[in-house]
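Heads up: the structure comes next, in structure tokens.
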Amino acid sequence: MKIKGRAIFIGVVMLACVLGIIGFPKNFQELKDNVRSRIHLGLDLKGGTHLVLQVQVEDAVNITADQALERLRDELKAKNVPYADVQKADDTQVQPPKHRILVKGVPQEKAADLQTLSTEQYSDWDLSRVPGDPTSWMLALKTTAAASIRNQALLQSMTTINNRIDQLGVMEATIAEYRQGDFELVVQLPGVDDPTRVKDIIQSTALLELKLVQDGPYASREAGLGAHGGVLPPDTQLLPGPTGQNGETWYVVNRVAAVTGRDLSGAEPSHDENGRPSVNFTLTRDGAARFGRVTGANVGKLLAIVLDNRVYDAPVINSQISDRGEITGPFTAQKVQDLALVLRSGALPASITYLQENTVGPSLGADSIRHGIIACIVGFVAVIGFMLVYYRGAGINADLALILNLIILVAAMGYIGAVLTLPGIAGVILTVGMGVDSNVLIFERIREELRLGKAVGAAVAGGFEHAFVTIIDTHVTTIVSAAILFTFGTGPIKGFAVTLTIGLVANLFTSVFVSRVIFDYVLSRREKGAELSI
Amino acid sequence: MEFFHEPKIDWMGIKWYFIALSLALAAAGLTSMAVKKGLGYGIDFRGGTVVNVKFSKAPNLDAIRSELDRENLHGSTIQRIGVPSDHEVIIGLDLKTTTSSAALDEGKRAIVTALSGLYGQAETSKLDFNNSSPQTVSDHLVAVDPLGLSSKGLDSATKTYRDLAEAIVNFRNSSPRSGLISDFQELSLVPGVNAGVIATLRNDFYLSGFAVKNTEIVGPKVGKDLRRQALYVTLAGLGAMLVYIWFRFELSYGVAAVVATFHDVTITLGFFSLLNKEITLTVIAALLTLVGYSMNDTIVVFDRIRENVRLNKRENFVDLVNRSINQTLSRTILTSGLTFLAVLSLFLFGGEVIHGFSFALVVGVIIGTYSSIFIASPIVVFFRQRLAGSSVVGRSRTYEREAAPARR
């Protein structure tokens, strides 16, 4: 290619990069805004909160297993299959745990019925005999089914948390899987420097259930159990209620809820008739129909409003209610806001534990940027100045290549939306180091060729040719390892790998191609026999 | 300008002095690690809480310590950072004082409570302005509406106040205040702030003598996993480099380069242990940078050896290696000198946050350059001589063997 063609190509690349960074600004303010919106700074540089949390997906599998167990009891009764006991027999020694249900005391002549039931209704479960006991059977949740429940729980948690953060109005928040297979999520909240409230909102399970009260309230758990001779009636459970002036309250309620949070179509903060903060909710058409049936058939009874397995209120059903209700309790105005928010965003399918929390205050972010910029400028000026002194004319060449390299790096990161973090800056430093090295390699080689007595043109060509092999080897080696870091590393290590890879590719372009074009241009304008300034 | 004009140094002749020095440095570092029972990991690897606090005047560390003890935060570490006039302190709590994973931020809350007791204000109805986010400030401004914007509609008023709050907080965070103001009147410099705004802030907020700049809380699981992951990923990266160099050069070159890089990392970690510096995530980033740098440096020398072997098959290998190192010496010194210049400026001006990072690079650049000459090259020579010694016509045969796999 002629010099002109190559120069035009370089010009186009540079134009695309510069526009990528500054856009088409009409004034200085716009220019500043454009640059700010295109260079994505990580939380460690601009301030904000970084949370790593783990979704306890085993919760979701447990719930499925519990429901299967309840259903199995009912099904066995309905199909007239007698049994001595149905109980959970999870194997928690292995990771992940295996969920199993042990069915004991099934007469041998009924075994066929159990097998039919298993194939028809429990396709996610494997039925097998218990060795040494002809009347016992084991139902084990299939590994694939459990895995799918876990993944489902993770995805649903992500959606739910995303909804909640959205409604909180945190700008540019992101949520992503942190390490695959560990069910960990990383939540980035730019600008949030007091994460307490956000964390509480993310963490609240917000499982709302409306359940019919069988009897109660009792003053203690023991009293509740005692009223039933120590054994609760089938399909009921004992739940704690609000603690008032008269102490604790406990209710015996139906295990199966009339409606749950999934049947909500909306939830708003409001006030009850006494002016206390409360949450008003409305139900979907389907939920309203079911709620209407249950309340219509049970006028005069108590209805427990259960949130995360705790009874908040148990009002009397005065008449049939269909599509709306109210939750009251000892809430503050803030709590009511948050409760309405989490109810709207849906329940979490599993509980959440926090593994890591990192809050960078904006002033620290600003300080590290300021220090970083000063250090970079000092280092950069030193390097550029030295190249000029040492290589004279060719130094301009190297400095241009270096500056172009950084422009391409910044523009490419903007285009692909990569985030610049502190470890990312480490990658930039290595890039600059290797960029300088490429130029030094080439120039030293050209000097060597000149010492061997070659003509200037031949020396430049020879220098580039020889140094090219070395530059390719050093760059490919580093890019190979950066690819490994990118594939297997997380967070900070990935940030390092991204800037390094982009920087090195840009460097191959600038120090080998751009620098050569400049050399060729200088050579073409040179008077015959004049020395090369290197 | 030229520093070196065709140097003729017998590098391989003096290698033993430097190998001995390397062994001594490595031994010193490893002994220090053994005595101190492993490396001093930062909170991000160890698990625990670190809070970075700036004070408006010189903090009384003893008072802080006893206040923390009163909050049952025994065994906390308190250290000053930066220059004394910054009044900045890092408070660290080990994991054992924050045991329950349910309340990961328990330690942080206790620290803030303790500091509020010392440098805050007793009246609790007001909020601490120096530790408030733009959101909080904006909420209070919207509620009071000191600029009388309600007629312009809620959305427009909210946006104006949000921008104003952001400007106020940015002003507070910018130098020289760096997160702390001592009088609300200082805010009058912010465009858009009038007496009404200042009165509103004065009414709703007070000014404490400290600002929490940074919090880092790491649960026990994350720390251990991170440590393991950093190690495995680095080893995998080294393995990939070994394979590439094997493919481009020869297996012995790959082994030599990896051993040299490993040597650099070991000695750098040794320095961290000897100087009681903590290994944090940013230090790991620096070590990765060092691995890349050292590998780069080694390959440049190897590349020259490969080229010379191709041109001069009969030359004594030791002489050839010496010549190759001498030919690239000018470049080696220049590149490492310039890189050293750059990382030195990071070390001197980069600030506290990247101190460990830049320290690792300052040490690493020196070690990485030196190891290419005194560790990697002698290993290649060693392999070559062993192969030669095992055969009667060894020398010429090994040179022939050399040419074959080194393809372009």
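Report the Cα centroid-to-centroid distance between the stretch A:1-77 and the stretch A:367-409 in angstrom, as an integer.
Going from one Cα centre to the other spans 30 Å.
With a ≥ b ≥ c the root eigenvalues of the C-alpha gyration tensor of the stretch A:138-283, is it rounded (a/c under 1.5), prolate (a/b larger than b/c) or oblate?
Cα axes put the stretch A:138-283 in the oblate bin.
At a Förster distance of 41 Å, what's the computed FRET efficiency of A:TYR521 paired with B:ALA20, Cβ-Cβ distance as r, to 0.05?
Taking R0 as 41 Å, the efficiency between A:TYR521 and B:ALA20 is 0.20.
Which peptide among B:218-226, A:388-396, A:183-191 comes first, and what is the full order, when sorted by highest mean count of other Cβ atoms within 10 Å?
Highest to lowest by the protection proxy: A:183-191, B:218-226, A:388-396.
Rounded to the nearest 500, what is chain A's calculated 222 nm mean residue ellipticity when only DSSP H runs of at least 4 contribute -39500 (n - 2.57) each, over all residues?
Value at 222 nm, helices only, nearest 500: -17500 deg cm²/dmol.
Under a Cβ-only charge scheme (Lys and Arg +1, Asp and Glu -1), can you give me the dipole magnitude of chain A about the Cα centre, in debye to the nearest 20?
About 1740 debye.
List the residues, sorted by chain then number, that are 5 or more residues from A:ASP272 or on another chain and whose placed amide H is less than 5 Å from its amide H.
Counting only residues 5 or more places away or on other chains, the set is A:SER278.
If you place +1 on the Cβ of every Lys and Arg, -1 on the Cβ of every Asp and Glu, and leave all else neutral, what size is the dipole of the stretch A:204-356 about its Cα centre, to the nearest 20 Debye?
240 debye
Most exposed first by the Cβ proxy, i.e. fewest other Cβ within 10 Å, how do A:TYR83, B:TYR161 rank?
So the ranking, lowest neighbour count to highest, is A:TYR83, B:TYR161.
Determine the shape class of the protein assembly as shown: with a ≥ b ≥ c the square roots of the Cα gyration tensor eigenvalues, call it rounded for a/c under 1.5, and otherwise prolate if a/b is greater than b/c, oblate otherwise.
Prolate is the answer for the protein assembly as shown, as a/c is 1.5 or above and a/b outweighs b/c.
Mind checking which of A:ALA16, B:TYR253, B:VAL35 is farthest towards the positive end of the protein assembly as shown's charge dipole, using Cβ charges of +1 (Lys, Arg) and -1 (Asp, Glu) about the Cα centre?
B:TYR253
Using the Karplus curve 6.51 cos²θ - 1.76 cosθ + 1.60 with θ = phi - 60°, work out ³J(HN,Hα) for each residue of the stretch B:39-47 in order, rounded to whole Hz, and write x for Gly and Pro.
The phi angles translate into 7, x, 7, x, 4, 5, 9, 8, x Hz.
Considering only C-alpha atoms, what is the centroid distance from the stretch B:293-317 to the stretch B:232-268, in Å?
The stretch B:293-317 and the stretch B:232-268 have Cα centres spaced 16 Å from each other.
Charges only on Cβ, +1 for Lys and Arg, -1 for Asp and Glu: so what's the dipole of the protein assembly as shown about the Cα centre, in debye to the nearest 20?
3180 debye
If you count, for each residue, the other Cβ atoms within 10 Å and average over each peptide, how do A:23-36, B:270-283, B:370-383, A:434-447 line up from highest to lowest?
A:434-447, B:370-383, B:270-283, A:23-36
How far is helix B:251-274 tilted off the main Cα axis of chain B, in degrees rounded to 10, range 0 to 90?
Tilt of helix B:251-274: around 40 degrees.
Would you kindly derive the ³J(HN,Hα) couplings of the stretch A:203-210 from the backbone phi angles with the Karplus curve 6.51 cos²θ - 1.76 cosθ + 1.60 (θ = phi - 60°), listing them in order in whole Hz, with x for Gly and Pro?
Along the stretch A:203-210, the couplings run 7, 5, 5, 6, 8, 9, 9, 10 Hz.
Putting +1 on Lys and Arg Cβ atoms and -1 on Asp and Glu Cβ atoms, find which of B:GLN135, B:LEU207, B:LEU93 reaches farthest to the positive end of the dipole of chain B.
It is B:LEU93, whose Cα lies furthest towards the positive end.
Can you tell me the orientation of helix A:362-391 relative to chain A, as the angle in degrees between its alpha-carbon axis and the longest Cα principal axis, to the nearest 10?
Here the helix axis deviates by roughly 20 degrees.
Counting only other chains, and only Cβ atoms inside 10 Å, what mean value do you get across the residues of A:201-207?
0
For a test of the definition: using alpha carbon positions, the gyration tensor, and the 1.5 limit on a/c, classify chain A as rounded, prolate or oblate.
Note, shape of chain A comes out prolate.
Among A:454-462, A:102-110, B:34-42, what's the highest-first ranking by average C-beta atoms within 10 angstrom per residue?
A:454-462, A:102-110, B:34-42
What's the angle, to the nearest 10 degrees (0 to 90), between helix B:106-119's Cα axis and the longest principal axis of chain B?
60 degrees
So who's got an amide H within less than 5 Å of the one on A:SER265, skipping anything under 5 residues away but keeping other chains? H placed 1.01 Å off N, in plane.
Counting only residues 5 or more places away or on other chains, the set is A:THR282, A:LEU283, A:THR284.
Kindly write out, for the stretch B:333-339 in residue order, the coupling ³J(HN,Hα) from the Karplus curve 6.51 cos²θ - 1.76 cosθ + 1.60 (θ = phi - 60°), rounded to whole Hz, with x marking Gly and Pro.
Each residue of the stretch B:333-339 in turn: 5, 4, 4, 5, x, 5, 4 Hz.
Hey, got the average number of other protein chain Cβ atoms within 10 angstrom for residues in B:292-303?
Shielding by partners across B:292-303 averages 6.
Under the rule of -39500 (n - 2.57) per DSSP H run of 4 or more residues, summed and divided by the residues of chain B, what mean residue ellipticity at 222 nm is obtained, to the nearest 500 deg cm²/dmol?
-20500 deg cm²/dmol
Take peptide A:421-431, look around each residue's Cβ out to 10 angstrom, count Cβ atoms belonging to other protein chains, and average those counts.
6
Just want the answer: with Cβ charges of +1 for Lys and Arg and -1 for Asp and Glu, which residue in B:GLY179, B:GLY196, A:GLY385 is farthest toward the dipole's positive end in the protein assembly as shown?
A:GLY385
Quick note: the coordinates plus some simple rules give every number you see, no bench work behind them. Source: prediction; values computed, not measured. FYI the Cβ positions are ideal-geometry reconstructions off the backbone, even for glycines, and counts take in every protein chain you see.
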